[in-house]
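Nothing in this text is a laboratory measurement; each read-out follows from the coordinates by a stated rule. Note that the structure is predicted; figures quoted are calculated from it, not measured. Note: ideal-geometry Cβ built from the backbone for every residue, glycine included; neighbour counts use all protein chains shown.
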Amino acid sequence: MKRLRLAVLVSGRGSNLQAILKACKGGQINAEVVVVLSDQENAVALERAKKEGIPSFWVNPAEFSTKKEYEEKLVQVINSFTVDYLLLAGFMRVLSTVFMRGVKVPLLNIHPSLLPAFTGLHAQRQALEYGVRYSGCTVHFVDEGVDTGPIILQAVVPVYPNDTEESLSQRILQEEHRLYPKVVQLLSEGKIRCEGRKVMIIGEGQTSEKICLN
Ligand code: GRF
């Protein structure tokens, strides 16, 4: 089975990056992170990557006069490594087709809600304000919209009456750290097929309940 080469884009604390690095290191997933890029100089995620000896780059948006030029720079750095997939892990910028066409590999993202509910910023706050009884997280392929691409896996968590944004975020985050590595492993096993909007998980049973709640 092929060992997947991953690029990860980050902006902040990098706990999802850490979960993926841990799963790679521990042999739970057959993959390696070969490059990490951040748009924020002080992203803790960059420190985490450096600690593991992974090539890590802060690409400063302020040095580019247009979004196109910035994205072309990101593409240039990523394409100087050979990668199979690109993972967004808390990267706080919406990428355009310039980027997506440039990297030529599938992009994945993790979002802290059960998409298509609560896209964009502050998904956990949106869920609390709406009054849902369950929320969770979604790993999906990235398309040109914001959090609109084909859904790969979701995990569900309960929302309790006394939840705060912080407590709900923590509960969801625990699931994120399980779900993203799981998706990477399925990719490395060649078990994920995308047909239009529908993502098939080969050999994982046919009921959505099994796929969603696993
Ligand atoms: C996570 O909640 C993820 O779902 C969202 O951004 C946050 C990133 O957290 N896209 P971290 O940087 O991985 O800790």
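Using the Cβ-Cβ distance between residue 5 and residue 144 with R0 set to 22 Å, the FRET efficiency works out to roughly 0.35. According to the Cα-based calculation, Rg over Rh for segment 1-105 is 0.96, with Rh computed by the Kirkwood formula. Here the simple spin-label model places points 7 Å from the Cα toward Cβ, and for residue 125 and residue 67 these points are separated by 2.2 nm. Note: relative contact order over the chain, using C-alpha pairs below 8 Å and six or more positions apart, is 19 percent. Cross-link check: pairs 25/50; 73/191; 73/104; 22/51 evaluated at a Cα-Cα cut-off of 22 Å; pairs beyond the cut-off: 73/191.
By the gyration tensor of its Cα atoms, with a ≥ b ≥ c the square roots of the eigenvalues, what is the shape of segment 107-153: rounded for a/c under 1.5, prolate for a/b over b/c, or oblate? In terms of gyration-tensor shape, prolate. With each label modelled as a point 7 angstrom along the Cα→C-beta vector, the residue 105-residue 194 pair spans 1.4 nm. Each part gets one Cα centre, and for segment 17-38 versus segment 80-119 those centres are 16 Å apart. Diffusion coefficient (Stokes-Einstein, Kirkwood radius over C-alpha pairs, 10 °C, 1.306 mPa s) for the chain: 90 µm²/s, rounded to a whole number. Using only side-chain charges placed at the Cβ, +1 for Lys and Arg and -1 for Asp and Glu, the dipole size of segment 109-214 relative to its Cα centre rounds to 320 debye. Ranking of 167, 65, 38 by neighbouring Cβ atoms within 10 Å, starting from the fewest: 65, 167, 38. Using a simple spin-label model with pseudo-atoms 7 Å out from Cα toward Cβ, residue 166 and residue 134 lie 2.8 nm apart.
Compare the Cα positions of 96, 109, 62 along the charge dipole of the chain (+1 at Cβ of Lys, Arg; -1 at Cβ of Asp, Glu; about the Cα centre) and return the one farthest towards the positive end. Farthest towards the positive end: 109.
Note on segment 109-214: percent of Cα-Cα distances in each 5 Å bin, starting at 0 and stopping at the bin with the largest distance, equals 2, 13, 24, 24, 19, 11, 6, 2, 0. Please check which bits of segment 75-95 a label hung off residue 30 would reach, taking the label as a point 7 Å along Cα-to-C-beta and the cut-off as backbone N under 19 Å. The answer is 83-86, whose backbone nitrogens lie closer than 19 Å to the label point.
Rounded to the nearest 20, the Cβ-based charge dipole of the chain about its Cα centre (Lys and Arg +1, Asp and Glu -1) stands at 580 debye.
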